[in-house]
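Below: one structure, written as structure tokens.
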Amino acid sequence: MKSLALLLDSEFHRVAKAEDISMEQLVSEVSILTEYTTRQIYNFRSGKWDIPSSILPVLCKRFNSLVLLNLLEDEIKEQPVVISDTDDIPQLSIETLGEICTHHYNLLDIINGGRDLDRNTLVEIEEKTERIVQRERALFRLLERAYERQQELKRGQA
């Protein structure tokens, strides 16, 4: 999401100018608030790394602006997971269930100390969680369409 990185960078410039503070000072402050290094903050601003969604509320509060969340919301709306009626729904359901089981296994492994936990791992877990949720929502939309078809058939028979 390069556009989110560009907007983040422009927000840093806007706030630094509005508050008459140096960019270095603002980045340092945000680094403390988000618990990311100044180097990581730079990488988020430059688009080199994806911006973790967990820091967006902190940034919005610090910048006194919702533009980052608004852009993210617009981008999410544009990229829904699409599953058509012709797809192999049982196979997709089984694959999704497998992803969920693997995801939970990884979560439990981390919680029980079987794997090291760092910021990048948190970001990966959050992204995987979001992908699973999107797929589940797509399957639910199929269920809604099936329900609507049933209702139409019942109305047609009445």
* Asked: So what is the 222 nm mean residue ellipticity for the chain from helices alone, if each DSSP H run of at least 4 adds -39500 (n - 2.57) and you divide by all residues, rounding to the nearest 500 deg cm²/dmol?
  -> -25500 deg cm²/dmol
* Could you work out, for the chain, what percent of all Cα-Cα pairs fall into each 5 Å distance bin, beginning at 0 Å and stopping at the bin that holds the largest distance? => 1, 7, 13, 15, 13, 12, 12, 9, 6, 5, 3, 2, 1, 0, 0
* Report the calculated FRET efficiency for residue 60 and residue 131 (r = Cβ-Cβ distance, R0 = 30 Å), to the nearest 0.05. => 0.80
* Asked: Which of the helices in the chain, when you take each full DSSP H run, stretch at least 20 Å along the axis at their Cα atoms and have an average Kyte-Doolittle score of -0.5 or higher?
  -> 2-18, 89-111
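For the chain, give the percent of accessible area contributed by carbon and sulfur heavy atoms, probe 1.4 Å, rounded to a whole number.
Using a 1.4 Å probe with all protein chains present, the chain comes out at 55 percent carbon and sulfur.
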* Asked: What FRET efficiency would be calculated for the residue pair residue 21, residue 53, taking the C-beta separation as r and a Förster radius of 22 Å, to the nearest 0.05?
  -> 0.25
* To do: With springs connecting C-alpha atoms under 10 Å apart, model the chain as a Gaussian network and identify which of 134, 40, 91 has the largest mean-square fluctuation.
  => 91
* Structure fact -> To the nearest Å², the heavy-atom accessible area per residue of the chain with 1.4 Å probe amounts to 68 Å²
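The values are calculated or read from the model by the stated rules, or taken from the named source; none is laboratory data. As the structure is a computational prediction, the values presented were derived from the model and not from experiment. Quick reminder, even Gly has a Cβ in these numbers, built from the backbone with ideal geometry, and neighbours come from all protein chains shown. Surface accessibility is based on the protein's heavy atoms, side chains included, excluding ligands, DNA and RNA. Shrake-Rupley method; radii C 1.70, N 1.55, O 1.52, S 1.80 Å.
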